[in-house]
Every structure is written in structure tokens, then in C-alpha cells.
Amino acid sequence: MKDINKKIDTTLDLILKLPEERKQRSGYLKTGFNTLTNRWEVIVRYSGKNITTIADELGARVEVLSEKFAIFTIDEEKIYLLAQYNEIEYIEKPRRLISSIGSIKKYNLDTLQNYSVKGLYGEGVIIGIIDSGIDYNHLDFINEDGKTRITNIWDQSVFEGKPPKGFKNGTEWTSKDINKALKDIKEDKNLSVVHHVDVLGHGTCVAGIAAGNGRSNQEKYSGIAPKSELIIVKLGARGGEGFSRTTEFMRAIRYLVDKAKALNRPIVINASYGTNEGSHSDNSLFESFINEILEEWKITMVVAAGNEGDRGHHFGKNIKESKDTEIEIQVEEEERVITLELWKNFYDIFEFEFVSPDGYATGKISLDKDFYKIDLDNMECYICCNVPNEYDKSQQIFVLLLPKNDTIREGIWKLRIYGENIVDGSLDVWLPMTDVDQGKTRFLKSDWNHTIKIPGTASKVITVGSYDPLTDSVCDFSSKGNINLKYSIKPELVAPYKNIINPIDKKNCDNLIGTGISAAYVTGAAALLMEWGIVGKNDVDLHGDKVKAYLIKGAMRKNKKIQFPNNIWGFGSLWIENSIKMAESVRLRQNNINRENNYLYPGKVKVLGVHPMFMNPVFLSYFPIIYNRYKYSD
């Protein structure tokens, strides 16, 4: 049996060890906990076939998402019992998710047609959007015959109706339901058939950019893939938390993939939500599940990089042995909880201490235990440390500051790091993401690198940053990737963040901004590539990494002073027309090769043992003919 301390993530371990009264005041750390039932919703990676039996034995409810991942709803006191089962490999607490679409601004309008490709409209490709919902009554999502372009809506926040098959919560509506609702609305009836509303407007905006048909403005402005069908998932907020969870996101992906399979259609999944909670190294259960499920079908997933570039929520530095590092944190008034996630290499040894704005200090903390509680200046400081496991070789140090009264002392708090025995020295510290207009607490000397939110760090997704096409510069708010390019390069590319028509308001063309907008552009572009390849039968395997490869290959790199790729621009800015040309050129080259071989060796050539790298379109574009070995028969 594995050590259960290696099987429970550090954040969950800390909150399970908190006194009950402190737990109730721990803010967003309670994400996943239902105070009425005293039950947790947790993500589990497992092996074997006994997962339902384990759930029954513990009186828990299990939702199996795949052969390796499940969501358990379980009594709090039984989580450590769950970790004792050999079949349970790791348990992860749900994380809170924040949108990557920012405040509304007005700009001179620019058409989306600059990003379209003649003859391609996304037809036959589904666009699945995980966001705040959709205004299904908007003309951009209704065909000329008056019928909806939306195949399904799953609203995880509405509990009165019937959930999708295989899921326990929310309400699902089909195109038949939506068409009846459209008829009722036309006849001035209420929303009793489909009582779904996009209150925030984020999802409607994203859908309009990616796939709006332009009917609301006489087709003067339309989305990039105006003939794609849509499947919409509105993320829920279980437990009255006001924010969505990673577990709800995982259910949404599972639902979209199942729908695409049932319809036998390729799908592009768009997501603008994310979190700062985690190592940002593509090894959380949340990221691992996404990477796994994207291999199941003809799927391309596009994710916003995040708007954390200039928010001051990341500190990164290389710690030196026998030298001190001081990290200053500006804490604003009315903060009721402060959390910090420190990530370092496990074999580096250092001590640290906290110093309050009034100069009170915790003294050096050696991190030789897995849990600490320290009193500091009318505050309580809780610290939890993990040990390496098979999914993450780094060490997380989670710090929770709670006031003994109402709020945390405002001012500059200091975190001092003392390098004792340093081998690698890399240290990353994250504050949690906050909503657009909330939260001013930040590092005074922050590092804008390594600010891409999770799941933009997942290797299988296409991560999109924001740039201004008028100035040809990346936006300050656009999250940046890890400067250490030994990791996969993120973002892969950037796309416009403004001058985009959204169909939220028929009268006022207000513009939402952010990397969520940029990701909508790339979502539409991916749909066009998949239409050309899969629907058009030019390349039936054109999805996922292959779509990513063509978008990278075709990206625009105008500024010759910039070295590409990098952690700010990725491989360049979106140039969909060029990406399509790249795909066409590879297809033409392959056709010529096939004709040549059929002429020279009709029916006699067989390629054996070809390495998968040689099938990558970017690689093939440089080498016209690649064969590992030929076998000829008489």
C-alpha cells in the first residue's frame, strides 16, 4: 500500500487538518465541500475495475469519467479511508475556475471576414463551448428557416429539468426543445421550455466570434465558422460558491466528447476558464484527464492563456545557497484570507519566515514536518508540505493566513527565503486568481513569466494569448509561458483581443476583451481546418496535435527582431488562410508522391516502421519524401 500522504494533494490535506471553525473561514479553499452534507467532491485517479465497489463500501457516490479518472462525492471523514485502497492512486481537491474575458470597452469595429477562408465555413464540425451559456434566441445562432444551430445545451446550474444521460445534475435541452422555445418566444410566451440564460454574456460572445452566422447584422459581420453546429455547456457553481469547479469542467468535456461521438462529428472544444492553483507543469489530475480524453476522438481543444500577465500573482526566482531572498506582498484592506502556493524542487532545502507589516516574524521554519500552525500578529499561519509522488516530483508548500478577528492586516507582508542546500534553486510562488474587478493583493516585484493558467498548461490543448493587431504587440494582460523552454512552448500562438464584433447586444456593438476572445478566434480557425481535412476528406486525421501543427506552421511572424518561438508570442499570430495553404501544400505533395510511387511500383510499395514524427505535417513540409524502409513484392 502506498503512503496515503503521497496520495492526497497538499491543499486537500491542509484543509482536512484545519479546526472546523477555521475551515469555515478558509474562503475559496472550501471549493468542493458541501457544508450542508459534510461531503467532499474530489477527483480520483484509479486503476482496476473495483471503483464502484469501493464507492459502495464507503457510502460514496462515484462518477466514472474514464478508465483512469473518476469524481467521488464522499463524507469528509472517509477521505483518508479512500486513500488506503490500493486501487486509488491519487486524490485531488477541485479548484476554483475564473473566466479569461475581461471588462467591456468600445473600439472602432473591424470585420471578422479578415480571418475567414473562402469556401470553408466550419460545416460538419461541431464547436463545443464551455462557458457562461448562450443567448439561444439571438439571430446569429438561428438558421434562415428559423431553426436553431444549437444541437444541445447543458446548463449545469439549472436543476429543475432532466440532466444528460450519465450525469446527475443540471438540465439538458435538445435542438427540438430549443426550436419549440424559439416558437414560443416569437409568440410572446415565456421561457418555460428552455429556461436557460447567459447572464454574463461571455459564452454568447465567444460563440458569436467562433461561429456566428451574421444574420443579426445582415451578414456584414460573421463568425469564423458560420456553419458549424454548436453544443453549449454552462458551467455550474455547486454549493453556492459563486465560482465553477474543475470537476464541473471535467464533466463538461466528458459530455461534449460523448455527444460528438454519438453524432459521429469532429469537434472543437473552447474554454476560457482556468485557475492558478497547481504547479503549472502539466501534471495535475485535471490536466492529465484533459490530455487523456483528447485522444479518444476527433477533437481539438482551444484554451485561453489567461489574463494574469500583469496581475502580479506570480513570483519566480532562482534561489542561491547561503543567500536570502525577500518576497514582498502588498495586502489590500478587507482581505479575509491569504493563500500562497510555493513550488520548488524536492531536493532543494531552504527555510523561510513570514514578517507582518508591523515587523512581527514567525522565525525560521525548516519544513521538516508536513503540517505547521504558527501564531503571528493576531493571525494564524497554517503550512502544509507534500512529498513527491509519481505524478509530480516537485514539492508544494501551501500557506494559509487567517485572521483571528475579521480581516488580515493590510500593508506589506514579507516572505523571506533562506537557501540552505540548493541543487536546482528554482522557486515559483502563486497567489490565487481573482475575478476581473476584484482583488488588488499582489507581489510588489512580480514575474509575468509562467503566468499561463491551468488548463492552458496542458500539453494537448492549443493555448492562445492576446495581441493587438494595430500595434503588432502582445497585450500586457496576456499570460506568458514558462521561460524555461525545455517544457512545451506555451502559448502556441496569439490572436486579436479587440476589434471583435460580439452579438450580445443587437444595438450596441460593445467589445469584450481578453485571451478568452483570442481563443474564440482560434476555435473558429480550428473548425475550418477540420472541415477541410476531415469533412472534406483531404486529411481524415486532421485534429488535435495535427491542427496545432498547421496553426503553428502558418502563424504570422512579421517582426524580424523577435526570435520565435518564445513564451510571449509562442510561434506567432493566427493566420488561418496561411495555415490552410500549408495543409493544402502538404496534401498536394503527398498526392504527387503517391502518383509517383504508383507509377514506378504499382501496388508494390509498403512503408514499414515509420516513426510518428515523420507523419507530422510540419516535419513533412521540410522533407518531400520520407521513407524508413521499403518492401517490394514480385
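The values are calculated or read from the model by the stated rules, or taken from the named source; none is laboratory data. Keep in mind that what you see is a predicted model, and the values were worked out from it rather than measured. Heads up, the Cβs are rebuilt from the backbone with ideal geometry, glycines too, and the neighbour counts pull from every protein chain shown. Heavy atoms of the whole protein, side chains included, go into the accessibility calculation; ligands, DNA and RNA do not. Shrake-Rupley method; radii C 1.70, N 1.55, O 1.52, S 1.80 Å.
Values as computed for the structure displayed
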item	result
Elements of type strands (runs of 3 or more DSSP E) in region 353-404, at least 2 residues being over 32 Å from the mean Cα position of the chain (by Cα) and closer than 23 Å to Leu16 by Cβ	371-376, 379-385
Residue tally, condition open to solvent by 30 Å² or more (accessible area, probe 1.4 Å), of a type in the set (A, V, I, L, M) and under 27 Å from the mean Cα position of the chain (by Cα), over region 17-57	0
Test for Lys317: is it touching an Asp or Glu at 6+ places or on another chain (Cβ under 8 Å), at pLDDT below 95 and farther than 21 Å from Ile129 by Cβ	yes
Criterion (in contact (Cβ under 8 Å) with a residue 24 or more places away in the chain, open to solvent by less than 60 Å² (accessible area, probe 1.4 Å), part of a loop (DSSP other than H, G, I, E, B) and out of contact with any Cys (no Cβ under 8 Å at 6 or more places or on another chain)) met by exactly one of Val194, Val199, Val206	Val194
Residue match in region 460-472 (condition: acidic (Asp, Glu) and outside any loop (DSSP other than H, G, I, E, B))	yes
Inter-residue pairs, beta-carbon under 7 Å, first closer than 13 Å to Val42 by Cβ and in region 84-95, second part of a loop (DSSP other than H, G, I, E, B) and among the β-branched types (Val, Ile, Thr), 6+ apart	Pro94/Thr31; Arg95/Thr31
Residues being assigned to a strand (DSSP E or B) and not aromatic (Phe, Trp, Tyr) - total across region 405-424	9
Filter result for Arg587 (open to solvent by 40 Å² or more (accessible area, probe 1.4 Å), part of a helix (DSSP H, G or I) and modelled with pLDDT of 85 or more)	yes
Any hit, region 488-506, residues being at positive phi and at pLDDT 90 or above	no
Any hit, region 258-272, residues being closer than 22 Å to Phe398 by Cβ and in contact with an Asp or Glu (Cβ under 7 Å, 6 or more places away or on another chain)	no
Matching residues, region 579-594, being of a type in the set (Ser, Thr, Tyr) and within 12 Å of Leu529 (Cβ to Cβ)	Ser579
Region 40-99: number of residues that are closer than 18 Å to Thr10 by Cα and assigned to a helix (DSSP H, G or I)	8
Region 567-584 - residue that is without any contact (Cβ under 8 Å) to a residue 60 or more places away in the chain and not in a loop (DSSP other than H, G, I, E, B) and, of those, farthest from Lys490 (Cα to Cα)	Glu584
Some residue of region 442-452 being farther than 14 Å from Glu277 by Cα, of a type in the set (Ser, Thr, Tyr), surrounded by 21 or more Cβ atoms within 10 Å (Cβ to Cβ) and modelled with pLDDT of 90 or more	yes
